[in-house]
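This report refers to the structure that appears directly beneath it.
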Amino acid sequence: MKVLKTIEGLKSCLAIWRQPSAATYPEIASVGLVPTMGALHLGHISLIRRARQENDRVVVSIFVNPLQFGPNEDLEAYPRTLEQDVATCEAAQVDAIFCPHPRTLYTADASAATLLTQVIPPEPLTQHLCGPRRPGHFAGVTTVVAKLFNLVTPNRAYFGRKDAQQLAIIKHMVADLNWPVKVIGCDIVRESDGLAYSSRNEYLTATQRYQATTLYTSLQAAKTAFAEGERQAQSLIAAAAAKINLVPSIRVEYLEMVHPATLQPMAQVDTVGLLAIAAHLGNTRLLDNVLLRSRRPIVAIDGPAGAGKSTVARLVADQIGLMYLDSGAMYRAITWQVLQLGIEPTDEVAVAEILADCHIRLASEAAPAGQVGLTRVWVNEQEVTQMIRSTHVTGNVSTVAAQPAVREVLLTQQQAYGDQGGVVMEGRDIGTQVFPFAELKVFLTASVQERARRRQRDMAAQNQPPMSLEALERAIDDRDRQDSTRRVAPLRQAEDAIELCSDGLSIPQVVEKIVALYRDQLDED
């Protein structure tokens with residue numbers, strides 16, 4: 001692991017990583033960035049682990065950023081534990097730490113913000129929550145993150161959801177400035193009693209540490225009221241406030257309901273709302289929040305090729321009355337549009353040019369019990385349900401689907417369906433990337449031997465030339481390895497997914513098990 005303190009050292013390290021190596025990395029290495037201010041805890045470690053899973057190389061920045069501290073805040077007192085942080089990163093298999101001095105990162109005096117070029121967030125994003133209470137704070141955050149993005153040029157950057165306003169502002173900045181980095185928000189990590197991990201927790205006395213859990217219990221009270229049907233923001237805020245008011249030593253700075261993306265106040269939670277709190281215990285300022293979702297459930301089914309995901313997902317969707325989000329049909333629809341416009345499918349630039357004007361709409365039609373329903377497809381309001389099944393589309397869809405720009409646009413369209421919920425989707429990374437908030441995640445798998453036997457039966461039924469079980473097993477094993485190590489959409493089981501092995505089970509039996517899981521987890525009859 002490299003410990004880098006200069007911009008020159010960082011650039012040199014990144015340049016070496018990004019030289020394709022025929023040995024370890026035959027392609028340019030992907031880089032994940034985890035920006036921190038040090039004093040690393042389990043929350044930070046969860047970000048590092050996620051980055052480690054999804055990238056060839058991981059950089060952790062450790063920098064107590066003076067720009068984001070106000071005149072009367074804890075810049076000097078903020079915990080600095082570099083030696084311990086280095087050991088933590090090494091144990092987590094970080095490739096490099098970037099820990100510059102302020103004068104290295106800022107050529108001017110960082111305490112004099114007026115001497116520095118800064119990135120200023122849009123005013124509506126800083127009008128609520130921490131913004132009015134910490135003037136200049138978010139300009140300091142966006143400026144340092146912008147510098148880190150420019151220096152590291154990461155493929156992905158990881159931030160915790162505890163700092164929800166920060167996460168929303170950084171996502172907005174990346175979108176507005178067209179940075180080619182994917183900002184990934186990661187779940188809040190909590191101690192056993194619910195308190196969110198924070199570097200500032202060490203300021204708390206034993207009594208304050210005990211009292212601090214009230215922030216979590218207050219949010220849970222609002223979450224319970226929400227689950228029971230309450231949708232009015234003031235009523236949900238009151239449910240949380242009632243718990244906080246039981247501990248007079250907690251001084252609430254704000255307790256607000258906002259939209260998690262726009263950060264604007266909400267009177268009612270129609271789809272999703274963020275209930276956020278900032279409070280003081282003694283001299284320690286603590287943050288916490290809970291995301292409240294009001295939409296139909298989402299079911300994400302991942303698993304290796306040959307596990308029967310597609311048929312199972314369609315039947316599950318029919319049985320529980322949700323829409324099957326047919327990603328294959330979406331790729332076919334784009335391929336059809338490419339061919340209709342006379343574009344060569346291998347011309348990635350030309351394909352990318354038409355994506356912004358290719359709007360796909362899906363609708364499911366129920367089928368008789370035990371049969372798979374039909375997915376109807378429209379491109380720019382022209383129905384193409386039958387046309388996308390032509391041999392011409394079939395022969396070109398793999399070429400189009402392999403293009404990163406196509407996947408990126410379809411991912412956005414797929415996630416738009418998730419805003420309202422009510423979908424079942426299957427693939428390799430549905431529970432980890434497409435719908436990380438899915439109410440039910442299933443990792444449907446089967447042994448290599450079982451999948452080989454199924455494939456052999458399918459080949460015989462289709463009058464295809466026979467293959468031995470051994471050859472099929474080798475082919476399936478190779479496919480699994482390729483799918484789990486591919487750079488785009490690798491096969492990965494979500495941490496909160498339920499693994500279901502289908503060995504010895506028929507398709508109806510697998511469907512029955514998933515439907516039972518759905519009803520059990522979501523308390524539906």
Amide H contacts of Gly160 (H built 1.01 Å from N, under 5 Å, at least 5 apart or other chain): Cys186
In the stretch 46-128, the GluC sites (Glu not before Pro) that fall in loop regions by DSSP, at most 15 other Cβ within 10 Å: Glu73, Glu76
Placed amide H near Gly422: partners under 5 Å, 5+ positions off or other chain: Arg296, Ile298
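Under 15 Å from the Cβ of His392, count the other residues' Cβ atoms, weight Lys and Arg +1, Asp and Glu -1, and hand me the total. Before the final figure, lay out each step's value.
Working: positive: Arg332, Arg389; negative: Glu344.
Summing Lys/Arg as +1 and Asp/Glu as -1 gives +1.
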Vicinal HN-Hα couplings computed from phi for the stretch 298-306 (Karplus, 6.51 cos²θ - 1.76 cosθ + 1.60; Hz; Gly/Pro x): 10, 10, 10, 10, 10, x, x, 4, x
DSSP-loop GluC sites (Glu not before Pro) across the stretch 181-237, with at most 13 other Cβ within 10 angstrom: Glu228
Hull volume in cubic angstrom per residue (convex hull over the Cα atoms of the stretch 287-353): 211
For the stretch 1-155: span of alpha carbons on each principal axis (Å, largest first): 52, 29, 29
Full-extension gain in nm, Val3 to Arg376, via 0.36 nm per residue minus C-alpha separation: 128.8 nm
Average Cα contact separation per residue, the chain, under 8 Å, 6 or more apart, as relative contact order %: 11
Given charges at Cβ of Lys, Arg, Asp, Glu: the chain dipole, positive-most of Ala333, Leu274, Ile184: Ile184
Convex hull volume per residue for the chain, taking Cα atoms only, in Å³: 178
Principal-axis tilt of helix 7-17 within the chain, Cα atoms, nearest 10 degrees: 10
Relative contact order computed over the stretch 1-85 (Cα-Cα under 8 Å; 6+ residues apart), in percent: 27
Length added when fully stretched, Ser310-Phe437, from 0.36 nm per residue minus Cα-Cα: 43.7 nm
Residue order, fewest to most surrounding Cβ atoms within 10 angstrom, among Val397, Val145: Val397, Val145
Residues whose placed amide H lies under 5 Å from that of Val252, excluding near-sequence neighbours: His280
Ordering of 423-433, 335-345 by burial proxy (mean other Cβ atoms within 10 Å per residue, highest first): 423-433, 335-345
Fraction of antiparallel bridges per DSSP, the chain only, in percent to nearest 5: 45
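Sequence gap at least 6, Cα distance under 8 Å: using those rules, report the relative contact order of the stretch 2-186 to the nearest whole percent. Write out the running numbers ahead of the final one.
Numbers: 284 pairs, mean separation 48.2, N = 185.
Dividing the mean separation by the residue count of the stretch 2-186 yields 26 percent.
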Ratio Rg/Rh [Cα only; Rh per Kirkwood] for the stretch 323-420: 0.97
³J(HN,Hα) computed for each position of the stretch 206-211 - Karplus, 6.51 cos²θ - 1.76 cosθ + 1.60, integer Hz, glycine/proline x: 4, 5, 5, 4, 5, 5
Cα centroid of the stretch 118-193 to Cα centroid of the stretch 416-446, whole Å: 26
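At 0.36 nm per residue, and after removing the present C-alpha to C-alpha distance, how many nm does the segment from Asp347 to Asp187 gain when stretched out fully? Could the numbers behind the result be given before it?
Working: separation 160, 0.36 × 160 = 57.60 nm, distance 3.88 nm.
Here the answer is 53.7 nm.
Values quoted throughout were computed directly from the atomic coordinates according to the rules given, and no laboratory measurement underlies them. Nothing here was measured: the structure is a model prediction, and the numbers come from that model. Positions of Cβ are generated from backbone atoms using ideal geometry, with glycine treated the same way; all protein chains shown enter the neighbour counts.
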